[in-house]
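**Q** Could you have a look at this structure, given as structure tokens, before my questions?
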Amino acid sequence: MLKRSLAQRSWSTARFGSLLAAPPEIRLFSVLNRPPPNYEGHVPLTTIERGALAVGSALGSLLNPRRHDLIAALGEATATPYFIYRLRNAMLASPTGRRILRDRPRITSQTLSMPYLRTLPPNTVGRTYAAWLDREGVSPDTRDQVRYIDNEECAYVMQRYRECHDFSHALTGLPVFIEGEIALKGFEYANTLLPMTGLSLTAVLRLKKAERERFFSTYLPWALANGFKAKEVINVYWEEQLETDVDDLRAELGVEKPPDLRDTRKMLREKRKAEKAAKEAKDRIGGLKDA
Amino acid sequence: MNQSFRSLIRRPANAHALSRPQYRYYAITRPRFQHFQNQPSSTSSSKDERTTHFGFETVAESLKESRVGAVFSSVASSYDTMNDLMSLGIHRLWKDHFVRSLNPGSNSTTSATAKAQPGWKILDIAGGTGDIAFRLLDHASTIHSDHSTHVTVADINPEMLAEGRKRALQTPYHNSDQLSFVETNAEDLTMIPSNSIDLYTVAFGIRNFTHKDAALREASRVLKPGGVFACLEFSKVQNPVFNEVYKRWSFSAIPLIGQLVAGDRDSYQYLVESIEKFPNQTEFRDMIKEAGFMVPGKGWEDLTDGIAAIHKGVKPLP
């Protein structure tokens, strides 16, 4: 509220001075004279640029979901004015969240040693995470840097959210293809309220009919129910939870594991194959009978 | 960088940082590790190494070539789409006009000099994807029925050359001896013999060279006496109102389109900064004159009010 009223005040000299001194969130600046960056890689955008980035990246990522950099840009463009601040405040309200903001840990293949994770006992968070990364064939290094969020602390919150996305996959057991990703985005929307996660749900348009039915009947209700009632997943200090039992962590957070999507799809695929083989056999025998 | 009127009444950037009001957070988090801190970028390796500009950044001269190389390796695959989006398709008109005004090709049946030496020898520098080269060859074959003109496409970047070779497959020249590709630095054309080229073209390339004067001197060396040096490059817009619109499009929309289409904001930020850093029309004409060329008329032709300009020079006869 304060931000909007500052911009709308009259252009007297006193106000002008305070406007010029303000940080990029409320200062009006020209694209030819951007304020200095707040962190490495920071690009201060004007409101029009942010709007154009939001619209463009929304369309681009819908048309080509492999453009993870556009999904990231959509998240950053739509996170302000309110949502990333709410998430940051949720972190500040919890002791673990405050510690994360103070330590600012980063998740890369250097900081999280995969061979060590693989040696952990089964059903620990670390082992489940490593197993999930191996199963899906991804690495922790693929996350883009946050560039378009002006507040430095909120930029870190966004970066942390992005880097913990894989841990959320491990926590819920959802796979990396589009059906699992959309279900996880639904969960993240209910849990973090970031607009990009909600907007990503439009990707249901790209699902096949059976996948859509499964999504609306099982996974979306699971995602919304669990996301809202669970504790803030952003406050989990994953680096310290690597040796905890994953079921204990799920119980503590209040997250139920949804039906395993890979197993369901495999089962349905095999059932379809068996039915097809039976039908072909029947046709062949039927043919021989007539001959 | 040009200081706009508004920047004169604004406080300078460092005063802004010092007088930023302190916001009251629940807790001031001081990160233990230096992530998300404003790191000063240290680019030069030693104090006595010469520096040059890379966009608005200052880099050591030895590093500029590899930085530019990285930019063009990154943009090579979406080069044409991005050119169309950034210039709204107008770059095609510029290139067409450039080639037509050069009028390459000569018909051996109608020209006595052409009978002795059929076809032009053309060197297209920084011509990686072949935009200009194909236009030159098409002009020679269709307008002058000249099928002996030879174009050598030279580029320092292998990815751009690979794009050019790929696109050449769609033309009638890929199997002929009218087109060849060579990977070289324009400042050092040792594989091209002196006084052997009729026409030297460089389109939207010279802006990226570390040493433009060295490239101009090499151009002067390889051209025959009477040969033509032609350069199509971004330049300064003449009309001040249009210039303001153009600058805002450059610094705002182009990096944004780069992010959306090519996934690379930084390369396009470099591109618009390098346009800003390039000398204006008169300065560049004087550089061409200094390299030993005779410059016809005022020396350049503005396109779209100066967004691009065609500079020409002729190597004088001895």
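**Q** Using Cα pairs under 8 angstrom and six or more residues apart, how large is the relative contact order of the stretch A:154-291, in percent?
**A** With pairs under 8 Å counted, the relative contact order is 27 percent.
**Q** Can you give me the Cα centroid spacing of the stretch B:218-257 and the stretch B:105-153 in angstrom?
**A** The two parts, judged by their Cα centres, are 24 Å apart.
**Q** Which of B:K64/B:K298; B:K95/B:K247; B:K224/B:K289; A:K208/A:K282; B:K64/B:K224 have a Cα-Cα distance over 25 Å?
**A** B:K64/B:K298; A:K208/A:K282; B:K64/B:K224
**Q** Is the protein assembly as shown best put as rounded, prolate or oblate by its Cα gyration tensor, with a ≥ b ≥ c the root eigenvalues, rounded for a/c under 1.5, and otherwise prolate when a/b is larger than b/c, oblate when not?
**A** oblate
**Q** Moving to a separate point now. Among A:A170, A:F228, A:N33, flag the residue with its Cα farthest along the positive direction of the charge dipole of the stretch A:13-259, charges on Cβ as +1 for Lys/Arg and -1 for Asp/Glu.
**A** Highest projection toward the positive end goes to A:N33.
**Q** To the nearest 20 Debye, how big is the dipole of chain A about its Cα centre, given +1 on the beta carbon of each Lys and Arg and -1 on that of each Asp and Glu?
**A** 880
**Q** Find how much the distance from A:D103 to A:L224 grows on full extension, using 0.36 nm per residue of separation minus their present alpha carbon separation; answer in nm with one decimal.
**A** 40.5 nm
**Q** In whole angstrom, how far apart do the alpha carbon centroids of the stretch A:200-270 and the stretch A:96-149 sit?
**A** Here the two parts' Cα centres lie 18 Å apart.
**Q** How high is the FRET efficiency from B:T81 to A:A281, r the C-beta distance, R0 35 Å, rounded to 0.05?
**A** Using R0 = 35 Å, I get an efficiency of 0.10.
**Q** What chymotrypsin sites (Phe, Trp or Tyr not before Pro) does the stretch B:200-269 have in DSSP loop regions with at most 16 other beta carbons within 10 Å?
**A** none
**Q** Measure up A:K209/A:K276; A:K231/A:K266; A:K229/A:K271; A:K209/A:K231; B:K212/B:K236 against 25 Å on the Cα-Cα distance and list the ones that go over.
**A** A:K231/A:K266; A:K229/A:K271; A:K209/A:K231
**Q** Continuing with this model, one more query. Is it possible to state the helix-based mean residue ellipticity at 222 nm for chain A, with each DSSP H run of 4+ residues giving -39500 (n - 2.57), the sum divided by total residues, to the nearest 500 deg cm²/dmol? What is it?
**A** Only helices count here, giving -18000 deg cm²/dmol.
**Q** Of A:Q241, A:F215, A:L205, which is farthest on the positive side of the dipole of chain A, counting Cα position, with +1 on Lys and Arg Cβ, -1 on Asp and Glu Cβ, and the Cα centre as origin?
**A** A:L205
**Q** Among B:G299, B:F54, A:S113, whose Cα sits farthest toward the positive end of the charge dipole of the protein assembly as shown (+1 at Cβ of Lys/Arg, -1 at Cβ of Asp/Glu, about the Cα centre)?
**A** Of the options given, the answer is A:S113.
**Q** Across peptide A:36-43, what mean number of C-beta atoms from other chains lies inside 10 Å of a residue's C-beta?
**A** So the per-residue partner count for this stretch is 4.
No lab work stands behind these numbers, since they all come straight from the coordinates. As the structure is a computational prediction, the values presented were derived from the model and not from experiment. Every residue, glycine as well, gets a Cβ built from its backbone with ideal geometry; the counts of neighbours run over all protein chains shown.
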